[in-house]
Each structure stands twice: as structure tokens, then as C-alpha cells.
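These notes are about the structure you will find just below.
Each reported figure results from applying straightforward, stated rules to the coordinates on display, with no laboratory input. Quick caveat: nothing in here was measured; it's all calculated off a predicted structure. Using ideal geometry, Cβ is built from the backbone for each residue, glycine included, and neighbour counts are taken over all protein chains shown.
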Amino acid sequence: MELSTILYVFSIIATVSGSNHRAARSPRLVGGNEYFINVMQELVFELETYGWWNLKMLDISQTLNEHMYNWHVSGTVNYTNGFVVSIEKIDLSDINSLMTSRTVNGTLEWHGSVRGHINLRDIRIGYDVIVNLDGQP
């Protein structure tokens, strides 16, 4: 399963919606936080199956022009084919539920959503590095 498919499916199931023909003064989404936690756990399982190393990084190019220990260094460094080596910690934060309503053709419709952040902390990444120093073969 490709990462784009996983993220697309996640975006579909991360929002819970429904309509209710009865008016309620203070509707709330029951079990929204637990739902979000379960969906995120399944997302992490899918990413582990897919392989964290398949999460590719953008290529980076860096220009050097530094003086170090009476030595001048100039040239370019290209970081390519970046990939995730490890993720030391994953946690969830800012989980909240939101209920909104709108009237469509005289019928009050409620929409409930759960939002939050999945934090990937202390990520180790690897790159292929090509260094071209001026004046060096």
C-alpha cells in the first residue's frame, strides 16, 4: 500500500460526520478522543508495515564558504536520497472534538470532527552525501 493511499484513507476516516433531525442545545461527540487515538494507532501500524524508511526526504544542497583553524573551506554539499532511520518517540497532543451545525433545506445538520497532532520526535535520518570542495579533485 502506498503512503499516499494510507494518508488519503486517514483523511477520510479522521472526520466523523452525521446528521440529526432533532435539535440539541449542546451536542457533543461521545468517544471522540478515543476514536482519534485508535485511528492514530492504526496509522502508526500501517506506517510500520509500509516501512518508516520509505518516508523520503527532500534533497538539500548546501554552499560552504567557511574559515576553520586558519583553513578556508568552500564548495558545495549535496544531500540526496534522504530516508528515515528511526523515530525515537511518537506521541499525540492537542486532541479536541468540535461540533458544528448548518441548516440545509430547513433541516438542521450536525457535523462532528476530531482533531489532534501526531508528533514524531527525535527522528534520525540518513542521506547520501556528495561533497565538492573547491580546489579538490
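Quick look at the values:
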quantity: Estimated distance in nm for a label pair at Ile130 and Phe83, the labels positioned 7 Å out from Cα along Cα-to-Cβ; calculated: 1.8 nm
quantity: Separation of the Ile123 and Thr49 label points, Cα + 7 Å toward Cβ, nm; calculated: 2.2 nm
quantity: Among Asn96, Tyr50, Thr63 the positive-end extreme of the charge dipole of the stretch 45-96 (Cβ point charges); calculated: Thr63
quantity: Packing rank of 81-92, 109-120, where each peptide gets the mean count of other beta carbons within 10 Å, highest leading; calculated: 109-120, 81-92
